[in-house]
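Visitor: Pasting a structure below so you can have a look.
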Amino acid sequence: QVQLVESGGGVVQPGGSLRLSCAASGFSFRSHNMHWVRQAPGKGLQWVALKSYDESYENYAESVKGRFIVSRDNSKNTLSLQLNSLRLEDTALYYCVRGDGSPTYFAFWGQGTLITVSS
Amino acid sequence: QSALTEPASVSGSPGQSITISCSGATTDVVSYNFVSWFQQHPGKAPKLIIYEGNKRPSGVSNRFSGSKSGNTASLTISGLQSEDEADYYCCSYVGSDTWVFGGGTKLTVL
């Protein structure tokens, strides 16, 4: 079955960096756009970033553009998110999400990895 | 601020039907007809229950249905059950490879 397992979360100071990873299995990873979606504690969901199925294209929410970099390795079935210049408001549970359809909808979600930005 | 507006909470008794609305801040948002809905139980990841406005993924109960009227999308849950108590989020593709979510609705089963 579809599995998405995120890792790499932790506590980081404002201005710091962190790299998240998502290991995918149970489906043809190279055939799907992949996304990161985040959820601040007790708050709603926010789309963060898209990486196209063929690694050729990405897009970001305005709030993270220029600070976050999404990448993927289709040979290793992994999606990554490099988070730089972290702010207090980036504190959230970050979900790795498989996209289906066109335009993609968020079909399968991992369990998330928590990033806490705190001094 | 969310581009999609949902009621903060709704409630209903077992067996009843409830509807959660999702309105776009601009006319374009919901008119794309690429609205999806997610159910999230406490401490769990969101689960897709409706996509492309009114389609159900395999395995999702037919008690869940989606619709659209004008600039408002709606999720209806019929035959309410205790396990339906959860947070519900709408989401819309808004073009240029970007997506927005509603603020979420807490459903209480009385």
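The numbers here are math on the coordinates, done by the rules we state, and not lab data. In this text the structure is predicted, and so the values were computed from the model without any measurement. A quick note on method: Cβ atoms are made from the backbone with ideal geometry, for glycine too, and the neighbour counts reach across all protein chains shown.
Visitor: Could you please report the charge total around B:Ser74, scoring K, R as +1 and D, E as -1 over all other residues with beta-carbon less than 13 angstrom from its beta-carbon?
Guide: Values: positive: B:Lys68; negative: B:Glu6.
So the environment of B:Ser74 carries a net charge of 0.
Visitor: What percent of all Cα-Cα pairs in chain A falls into each 5 Å bin, going from 0 up to the bin containing the maximum distance?
Guide: Using 5 Å bins, I get a P(r) of 2, 12, 24, 26, 19, 10, 5, 1, 0 for chain A.
Visitor: Let me ask you something else. Place +1 on the Cβ of every Lys and Arg and -1 on the Cβ of every Asp and Glu in the protein assembly as shown, take the dipole about the Cα centre, and give the residue among B:Ile50, A:Leu18, B:Gly102 whose Cα lies farthest towards its positive end.
Guide: Of B:Ile50, A:Leu18, B:Gly102, it is A:Leu18.
Visitor: Can I ask one more? To the nearest Å, what is the center-to-center distance of segment A:1-63 and segment A:65-119, using C-alpha atoms only?
Guide: The two parts, judged by their Cα centres, are 2 Å apart.
Visitor: Further question: Hull surface divided by four, with the convex hull built on the Cα atoms of chain B: how many nm²?
Guide: On the way: hull surface 26.6 nm².
Its Cα hull, projected and averaged over all orientations, spans 6.6 nm².
Visitor: Just B:Asn62, B:Asn33, B:Asn71 to compare: in a GNM of chain B, with alpha carbon springs under 10 Å, which one fluctuates most?
Guide: B:Asn62
Visitor: Which of these, A:Leu93, A:Leu83, A:Leu45, has the largest mean-square fluctuation under a Gaussian network model of chain A (Cα springs below 10 Å)?
Guide: A:Leu45
Visitor: What are the residues whose amide H is under 5 Å from the amide H of B:Ala86, where those residues sit 5 or more places off or on another chain and H is modelled from the backbone?
Guide: B:Leu107
Visitor: In Å³ and rounded to a whole number, note down the convex hull volume per residue for the Cα atoms of the protein assembly as shown.
Guide: Details: hull volume 26.2 nm³, N = 229.
Per residue, the Cα convex hull of the protein assembly as shown comes to 115 Å³.
Visitor: Could you work out which residue, out of A:Gly66, A:Gly16, A:Gly26, moves most in a Gaussian network model of chain A, that is, has the largest mean-square fluctuation with Cα springs under 10 Å?
Guide: With Cα springs under 10 Å in chain A, the top fluctuation among A:Gly66, A:Gly16, A:Gly26 is at A:Gly26.
Visitor: Give, as ranges by residue number, the residues of segment A:47-61 whose backbone N falls under 16 Å from the point 7 Å along Cα→Cβ of A:Asn74.
Guide: Residues passing the 16 Å test: A:51-58.
Visitor: Lone cysteines in the protein assembly as shown, going by a 4.7 Å Cβ-Cβ cut-off?
Guide: Cys with no partner Cβ under 4.7 Å: B:Cys91.
Visitor: For A:Leu79, A:Leu18, B:Leu4, B:Leu48, which order do you get if you count the other beta carbons within 10 Å of each Cβ and list the fewest first? Kindly include the intermediate steps, with their values, before the conclusion.
Guide: Values: A:Leu79 28, A:Leu18 19, B:Leu4 25, B:Leu48 22.
Fewest-to-most ranking of A:Leu79, A:Leu18, B:Leu4, B:Leu48: A:Leu18, B:Leu48, B:Leu4, A:Leu79.
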